Amino acid sequence: MTRPLRLLLVTSHWPPPGPVVKRSAESLQAAGLNVEVFAFHALGLYSYVAAWIRLRPRLHPGRYDVVHTQAANAVLTLLHRVPLVITVSNLELGARLAARRADAVVVPSEEIGRHLHTRAPVHVLPPGLDDTTQAARLIDVYRTVTNA
């Protein structure tokens with residue numbers, strides 16, 4: 001029997017994690033993943049630096065198999081040693097740059113995916129998917145970057 005994937009979700013929607021992150025974590029856990037949420041309150045540069053200092057020691061393959069974050073928080077995972085999945089929901093410059101550093105990218109539409117210039121595989125997860133379907137699709141994405 002294979003062990004469950006170990007996932008770290010990184011969010012700046014704290015406290016507490018926003019409803020989308022909370023539902024996603026719960027549905028992924030119900031689907032059999034070991035899920036941990038790293039949440040911080042984004043109040044400017046200082047909060048990102050403080051979050052990065054707390055997060056960096058945890059980002060190693062012995063602890064997690066994959067990290068998933070929104071593009072806005074991707075700066076915290078730069079120089080990552082764990083496969084990185086980034087959700088890109090807009091085409092701002094920061095999101096485009098983050099997509100280039102990712103091992104896989106999740107987008108809400110094919111249109112956004114077409115405008116990203118990344119070598120990483122781009123996966124479309126349209127809004128409105130039920131929690132179970134979304135979790136199953138995300139697990140497929142995670143397995144592509146972990147070769148599990």
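Annotations
- Restricting segment 98-148 to residues that are touching a strand residue (DSSP E or B) at 6+ places or on another chain (Cβ under 9 Å), among the hydroxyl-bearing types (S, T, Y) and without any contact (Cβ under 8 Å) to a residue 60 or more places away in the chain, the residue that is surrounded by the most Cβ atoms within 10 Å (Cβ to Cβ) is T118.
- Set side by side, the residues V66, V10, V82, V75 differ, and just one is surrounded by fewer than 20 Cβ atoms within 10 Å (Cβ to Cβ) and under 15 Å from the mean Cα position of the chain (by Cα), which is V75.
- If only residues of segment 45-77 that are free of Cβ contacts under 8 Å to residues at least 40 places away in the same chain and of a type in the set (F, W, Y) are counted, the one that is nearest to D140 (Cα to Cα) is W52.
- Screening T2 with (1) farther than 26 Å from T132 by Cβ; (2) at pLDDT below 85 gives one miss only, at (1).
- Looking only at segment 43-52, and only at residues there that are among the aliphatic types (A, V, I, L, M) and in a helix (DSSP H, G or I), the one that is surrounded by the fewest Cβ atoms within 10 Å (Cβ to Cβ): L45
The values are calculated or read from the model by the stated rules, or taken from the named source; none is laboratory data. Predicted model, so just to flag it, every value in this text is computed and none were measured. A quick note on method: Cβ atoms are made from the backbone with ideal geometry, for glycine too, and the neighbour counts reach across all protein chains shown.
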